[in-house]
Amino acid sequence: MGQKKKVLVVDDERDIIKALMIRLQGAGYEVVTAFDGAQAIFVAHKEKPDLIILDIRMPAGDGFSVAEKLKHSTNTVSIPIIFLTGGPERDSEERAMTLGARFYIKKPYDPEELLDAIKRALEKDSDTS
């Protein structure tokens, strides 16, 4: 087992971030966090995570605009994204997939499902390189 995989968790609800952090660290991931869209982009460039878990509804740039900006930068274009959202927005799943999201998971989420999605997104990523 080489380097610990680094996961960036972006959500404006600190409780959700805290729960995810505990769960992901327990599963052996290194976790970095951001609480809004602007911070997410900054942290993604600085930390170069292996995967991003992205909330859709949050201040300073929603998840879609964050994903779009990350796709336009050569530094972050290849980072797999999992959208994790509580919003019942219509078409948002379609939009997420158009933006290249690996998975779209609704809150309240099943932790096992999320960990499985993370594992699969990371595996898929290592296949292509």
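Scan the stretch 89-105 residue by residue and report those that are of a type outside the set (A, V, I, L, M, F, W, C) and touching a helix residue (DSSP H, G or I) at 6+ places or on another chain (Cβ under 9 Å).
E89, S92, R95, G100, R102, Y104
Return only the number of the condition from (1) surrounded by 15 or more Cβ atoms within 10 Å (Cβ to Cβ); (2) free of Cβ contacts under 8 Å to residues at least 24 places away in the same chain; (3) of a type in the set (D, E, K, R) that D91 does not satisfy.
Only one criterion in (1) surrounded by 15 or more Cβ atoms within 10 Å (Cβ to Cβ); (2) free of Cβ contacts under 8 Å to residues at least 24 places away in the same chain; (3) of a type in the set (D, E, K, R) is unmet by D91, namely (1).
Out of the stretch 96-120, which residues are part of a helix (DSSP H, G or I) and either in contact with a Gly (Cβ under 9 Å, 6 or more places away or on another chain) or surrounded by fewer than 18 Cβ atoms within 10 Å (Cβ to Cβ) (or both)? Before the answer, list the steps.
Step one: of the stretch 96-120, the residues part of a helix (DSSP H, G or I) are 96-98, 111-120.
Within the stretch 96-120, A96, M97, T98, P111, E112, E113, L115, D116, K119, R120 meet the criteria.
In the stretch 59-83, which residue that is surrounded by 16 or more Cβ atoms within 10 Å (Cβ to Cβ) and charged (D, E, K, R) is modelled with the lowest pLDDT?
Applying the filter and picking the extreme gives D62.
Considering the stretch 72-88 alone, what residues qualify as being out of contact with any Leu (no Cβ under 6 Å at 6 or more places or on another chain) and under 16 Å from F42 (Cβ atoms)?
Residues of the stretch 72-88 that are out of contact with any Leu (no Cβ under 6 Å at 6 or more places or on another chain), as a first pass: 72-75, 77-79, 82, 84-88.
Within the stretch 72-88, H72, S73, N75, I79 meet the criteria.
So which residues in the stretch 14-58 are within 18 Å of G87 (Cα to Cα), in contact (Cβ under 8 Å) with a residue 24 or more places away in the chain and surrounded by fewer than 20 Cβ atoms within 10 Å (Cβ to Cβ)?
If the condition is that a residue be within 18 Å of G87 (Cα to Cα), in contact (Cβ under 8 Å) with a residue 24 or more places away in the chain and surrounded by fewer than 20 Cβ atoms within 10 Å (Cβ to Cβ), then I16, F35, D36, R57 are the ones that fit.
Need a quick list: strands (runs of 3 or more DSSP E) entirely within the stretch 1-61 having at least 2 residues that are more than 22 Å from E93 (Cβ to Cβ) and in contact with a strand residue (DSSP E or B) (Cβ under 8 Å, 6 or more places away or on another chain).
30-34
Looking only at the stretch 4-13, decide whether some residue is surrounded by fewer than 14 Cβ atoms within 10 Å (Cβ to Cβ) and in contact with a Phe, Trp or Tyr (Cβ under 7 Å, 6 or more places away or on another chain).
The answer is yes, given that some residue of the stretch 4-13 is surrounded by fewer than 14 Cβ atoms within 10 Å (Cβ to Cβ) and in contact with a Phe, Trp or Tyr (Cβ under 7 Å, 6 or more places away or on another chain).
The values are calculated or read from the model by the stated rules, or taken from the named source; none is laboratory data. Please read these numbers as outputs of a predicted model, since none were measured by experiment. A quick note on method: Cβ atoms are made from the backbone with ideal geometry, for glycine too, and the neighbour counts reach across all protein chains shown.
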